[in-house]
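Structure record follows, encoded as structure tokens.
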Amino acid sequence: KTLAPGVKGNLGLAKGRYAPYTNVDRDVPGGLALVREEFSTNVASRKDQTLLSFFAAEGKRSKDQSIVAEAKKMAEALANDKKASEQDLYTAYQVLRTLDEKALLETLGQSIRKKYPNGMLVRAEKIEAVGMEKDLSKKVALYESLAGLPFTASEKNVVSSLTSVIASGYLGKKDWTNFEKYLNQISDKSRKANLLNSAAWQLCGEGIVK
């Protein structure tokens, strides 16, 4: 019986990546084998970021050079496809990053940033930079550079989380003006409530000490 396109790939992910959530025993080699079959029979699947990322990451982790080579080949094919979409190029970039292909990554990254100056890669890198920065003033400066970028719904959730972190940083410094400024930018009610609760406890603590 012939399985519909996508079935083997999804089964492979279920076995290899999502086993803890699907109530099945984790079987990475079995998952990789199924994903490999998906790639061989379904050309469209070779553009699937989830499948390719899993394949590349597990191949590198297990030091399976045949899988690493295959993942690299598919990523390069995407990167060199003149009809590649922004998503295709971003997928290729992420796979090459996973494989630590620095030379290819630098060349592809420059090309993507030039072609899509406010695109997926640029947004992801800016968000990552904010998240990685430890110094609050530097984090805020990087955060402010995000203004006006065309974020997707999922990216907006990440940005909202970063806003919470900044508000929390100002709360820790008892900088109430900036705390309120960034608190008011948070749309998620639970995040805002948690921060307000923390602020209330801090103020109560100050009252007790006094």
Distance in nm between label sites at Gln49 and Ser190, each 7 Å beyond Cα in the beta-carbon direction? 2.4
Taking the 0 to 90 degree range and rounding to the nearest ten, how far is the long axis of helix 65-80 tilted relative to the main principal axis of the chain, both from C-alpha atoms? 80
Under 13 Å between C-alpha atoms, the lysine pairs in region 77-180 lying 8 or more places apart or on different chains count 4
Place a point 7 Å from the Cα of Thr2 in the direction of its beta carbon; the residues of region 43-69 whose amide N falls under 17 Å from it are 43-45
Once mean projected area of the Cα convex hull in nm² is worked out from the coordinates, which option in (1) 16.0; (2) 11.0; (3) 15.1 does it equal? (1)
Taking the dipole about the Cα centre of the chain, with the C-beta of Lys and Arg at +1 and of Asp and Glu at -1, give me whichever of Ala69, Leu11, Val130 is farthest to the positive side. Val130
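Trypsin sites (Lys or Arg not before Pro) within region 1-63: which are DSSP loop residues with at most 12 other Cβ atoms inside 10 Å?
Passing both the DSSP loop test and the Cβ count: Lys1, Lys63.
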Taking only protein heavy atoms and a 1.4 Å probe, what accessible area per residue, in Å², does the chain have with all protein chains in place? 60
In whole percent, what relative contact order does region 9-118 give with Cα contacts below 8 Å and a gap of six or more residues? 18
So, with a 1.4 angstrom probe, what is the percent of accessible area on the chain that is carbon and sulfur? 54
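Suppose a student asked you for the relative contact order of region 141-210, using Cα pairs under 8 Å spaced at least 6 residues apart; what percent would you report?
About 25 percent, as a whole number.
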Taking the Cα centre of the chain as origin and charging only Cβ (+1 Lys, Arg; -1 Asp, Glu), how large is the dipole, in debye to the nearest 20? 160
Given a Förster distance of 30 Å, the FRET efficiency implied by the Cβ-Cβ spacing of Tyr18 and Asn118, rounded to the nearest 0.05, works out to 0.40
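The values are calculated or read from the model by the stated rules, or taken from the named source; none is laboratory data. Just so it is clear, the structure is predicted and the values come from calculations on it, not from any experiment. Cβ sites come from the backbone with ideal geometry, for glycine too, and all protein chains shown count toward neighbours. Heads up: the accessible areas ignore ligands, DNA and RNA and are worked out on the full protein's heavy atoms, side chains in. Shrake-Rupley method; radii C 1.70, N 1.55, O 1.52, S 1.80 Å.
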